[in-house]
Amino acid sequence: MPGRFFVTTPIYYVNDAPHIGHAYTTVTADALARWHRLVGDEVFFLTGTDEHGLKIQRAADANGITPQEQADRTAARFEQAWAELDIRPDRFIRTTDPDHGVSVQAFLQKVKDNGHLYKATYEGLYCVACEAYYRESELVDGNCPIHGTPVEWLSEDNWFFRLSAFEEQLTEYLSSGAVQPEGKRNEALGLVRQGLDDVSITRTSIDWGVPVPWDPGHVFYVWYDALINYATAVGYGTDPERFATWWPHVHHLLAKDILRFHCVYWPAMLLAAGEQPPHRLSVHGYLLVGGEKMSKTRLNQIAPADLVADFGVDGFRYHFLRDTRFGPDGDFSYEALVARYNTDLANNLGNLLARVATVVAKKCDGVGPAPRADSPLAAVAEQVVADARAAWEAVNPAEALEATWRLLREANSLLEAAEPWKAEPGAEVDGVLGDALEVLRIVAVLASPALTRAAGEVWSRIGLPGSPEDQRVPGDVAWGGYPGGLAVEKGPSLFPRIKADG
Ligand code: MSP
């Protein structure tokens with residue numbers, strides 16, 4: 001029975017330009033969406049931009065433009081950056097979209113009607129970069145623990161969400177395993193066990209936000225507006241049937257910087273609104289540059305386009321999916337990117353295709369033979385498909401691609417042992433080449449969530465009609481699917497080698 005998969009990324013602030021940290025989460029979500037389509041799931045992939053709040057207002061002021069202009073400009077940059085990486089969301093949501101305002105108001109009205117909001121005066125230490133209040137004990141040397149920048153004293157009349165009332169339900173929810181990996185789940189549980197203060201969810205000091213329907217002069221605090229985007233996109237408050245269809249399948253991806261909001265506050269808000277807390281939350285670490293998290297203030301951001309210029313879209317996507325384990329922090333290194341590209345893409349994949357096409361031209365008149373039913377690679381392929389499936393399912397693209405490349409390495413070894421380029425044309429040569437072509441076919445399908453361009457290129461060069469993305473896993477990747485009798489074309493080098501010094 002086909003399943004449903006609703007995958008989300010955080011919505012990115014529009015004060016900042018897209019960098020490889022944002023791209024990492026978004027490429028991962030896109031690859032997961034593509035994988036789930038391959039297995040026949042109905043998929044909805046959501047990303048977008050977070051456009052309200054003090055941080056955006058101040059960025060706009062600094063640029064001498066209105067917050068709406070700031071949002072329009074930066075949202076366009078994100079949309080363009082994602083298009084350039086072949087990231088294809090089903091919706092790019094902006095928190096200034098009209099349906100989002102409707103959702104936010106409906107959602108928080110429900111929370112209020114259920115008795116979970118009250119009004120009081122709030123005073124506290126506030127980090128504008130986080131758009132969050134901190135306790136004094138949470139500061140590091142008096143500064144924000146995330147940004148290392150000074151906090152400000154704010155005092156306002158606010159509506160509060162009775163978060164403290166949800167400790168027990170949250171402990172139960174978090175213990176159920178919705179948050180992955182385990183280390184991040186324990187971090188969330190730890191936050192709940194420390195005790196939860198009620199949180200203020202409205203502001204009067206700014207007007208760049210969604211108005212509170214029951215109290216003129218108040219706008220919702222940006223985080224409570226932002227989190228609700230996940231519900232807006234599937235019809236909360238506008239299309240109840242659609243919401244009921246998709247919400248039970250939601251899977252949020254995020255980095256640990258916003259774990260507290262996603263794994264503690266958001267599930268509590270959903271419970272308060274009478275909805276199911278998120279089905280799954282997958283939390284990854286930071287992509288570090290020179291040992292530090294990328295940020296505007298540290299001037300250590302790398303734009304995706306700079307790397308795409310050298311490595312192509314496939315090189316970019318493959319590297320981040322293959323080399324940055326989902327969970328722990330990972331250091332970005334240009335040298336590692338070059339090494340990965342040359343080994344896996346230029347050698348293992350590119351050379352296999354070039355070699356097979358060359359020998360097919362010489363020994364088989366350019367017509368690809370069929371694989372052997374009793375090939376030694378058949379069992380390897382079966383195991384690889386099973387391992388790749390399990391790894392994608394567990395949000396572990398690195399392991400899924402590692403498994404997929406095992407099949408390429410085995411095919412290369414088979415060719416090296418059999419040396420069909422030295423042998424006389426005949427059944428033996430046909431068998432080995434047919435096996436290698438079958439491996440290329442299977443890998444084109446399994447790698448298509450990462451290699452959005454090369455997968456299709458391999459597919460057509462070995463003479464197959466249509467596209468690897470239209471295949472279904474596991475049925476269409478069972479050994480023996482390459483029919484033989486197709487024209488094989490060598491074409492230009494798929495992944496020209498790159499020198500380490502660029
Ligand atoms: N607007 C909020 C999110 C609201 S979601 C309802 C926000 N925006 S952000 O622009 O700061 O994006 C944070 C997210 O971007 C991280 O959680 C992560 O997904 C991604 N990353 C940004 N920098 C990153 C790294 N250096 N490393 C890994 N991920 C990074 O927070």
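Indicate, rounded to the nearest 5 percent, the antiparallel portion of the DSSP beta bridges found entirely in region 4-284. Of all bridge pairs located within region 4-284, approximately 50 percent are antiparallel. Extension gain for Arg193 to Ala120 (0.36 nm times residue separation, less C-alpha to C-alpha distance): 23.8 nm. Helical runs assigned H by DSSP (4 residues or longer) give the chain a calculated mean residue ellipticity at 222 nm of -13500 deg cm²/dmol, each run adding -39500 (n - 2.57) before division by the residue total. What the phi angles of region 5-22 give under the Karplus curve with 6.51, -1.76 and 1.60, with θ = phi - 60°, is a coupling list of 9, 10, 10, 10, 10, x, 8, 8, 5, 8, 8, 10, 7, x, 10, 5, x, 4 Hz, glycine and proline written as x.
Overall dimensions of region 1-121, expressed as equivalent-ellipsoid semi-axes from the Cα gyration tensor (√(5λ), whole Å, largest first), are 28, 24, 11. FRET efficiency for the pair Ala394 and Ala373, taken as 1/(1 + (r/R0)^6) with r the Cβ-Cβ distance and R0 = 35 Å, rounds to 0.65. With R₀ set to 25 Å, the beta-carbon distance separating Asp476 from Asp90 gives a calculated FRET efficiency near 0.60.
In a fully extended conformation the segment linking Gln301 and Thr66 would gain 82.1 nm over its present Cα-Cα distance, using 0.36 nm per residue. Computed from backbone phi with θ = phi - 60° and the Karplus coefficients 6.51, -1.76 and 1.60, the 3J(HN,Hα) list for region 85-92 is 9, 6, 8, 10, x, 6, 8, 9 Hz; x is used for glycine and proline.
R0 = 25 Å: FRET efficiency of Glu156 with Asp99, Cβ-based, nearest 0.05? Taking R0 as 25 Å, the efficiency between Glu156 and Asp99 is 0.30.
Placing a pseudo-label 7 Å from each Cα along the Cα-to-Cβ vector at Lys422 and Ser164 gives an inter-label distance of 8.0 nm. Please go through the residue pairs Lys119/Lys293; Lys112/Lys256; Lys55/Lys110 and name each one whose alpha carbons sit more than 31 Å apart in this structure. Over 31 Å apart, Cα to Cα: Lys119/Lys293. Residues whose amide H lies under 5 Å from that of Asn158, counting only those 5 or more places away or on a different chain, are Ala120, Thr121, Tyr122; hydrogens are built 1.01 Å from N in the peptide plane.
Of all beta bridges that DSSP places with both ends in the chain, some 50 percent have antiparallel geometry.
Listed peptides 309-321, 468-480, 342-354 appear in the order 309-321, 342-354, 468-480 once ranked by packing, highest mean of other Cβ atoms within 10 Å at the front. Extending 7 Å from Cα along the Cβ direction at Asp257 and again at Glu42 yields two label points whose distance is 3.5 nm. Each pair of Cα atoms in region 4-284 enters the Kirkwood radius, and Stokes-Einstein at 10 °C and 1.306 mPa s then converts it into a translational diffusion coefficient of 83 µm²/s. Sorting the segments 258-271, 146-159 by their mean number of nearby beta carbons within 10 angstrom, highest to lowest, gives 258-271, 146-159. Once the Cα-Cα distance is subtracted from the 0.36 nm per residue extended length, the Ala500 to Ala386 segment shows a gain of 37.6 nm. Take the Cα of Asp310, step 7 Å toward its Cβ, do the same at Thr171, and the gap between the two points is 5.1 nm. For Asp50, the amide hydrogen comes within under 5 Å of the amide hydrogens of Tyr12, Tyr13, Val14, counting only partners 5 or more places away or on other chains and with H modelled in the peptide plane. The distance from the alpha carbon centre of region 135-204 to that of region 443-490 is 47 Å, rounded to a whole number. By the rule of a C-alpha distance below 24 Å, with chain neighbours fewer than 8 residues away ignored, the lysines paired with Lys490 are Lys362, Lys363, Lys422, Lys499. Computed packing ranks the peptides 91-97, 43-49, 363-369 as 43-49, 91-97, 363-369, most packed first, by mean other Cβ atoms within 10 Å.
Taking Cα atoms only, the orientation of helix 54-63 departs from the longest principal axis of the chain by about 80 degrees.
Each value in this text was obtained by applying a stated rule to the coordinates, not by laboratory testing. These numbers come from a predicted model, not from an experiment. Note that each Cβ is placed from the backbone with ideal geometry, even for glycine, and that neighbours are counted across all protein chains shown.
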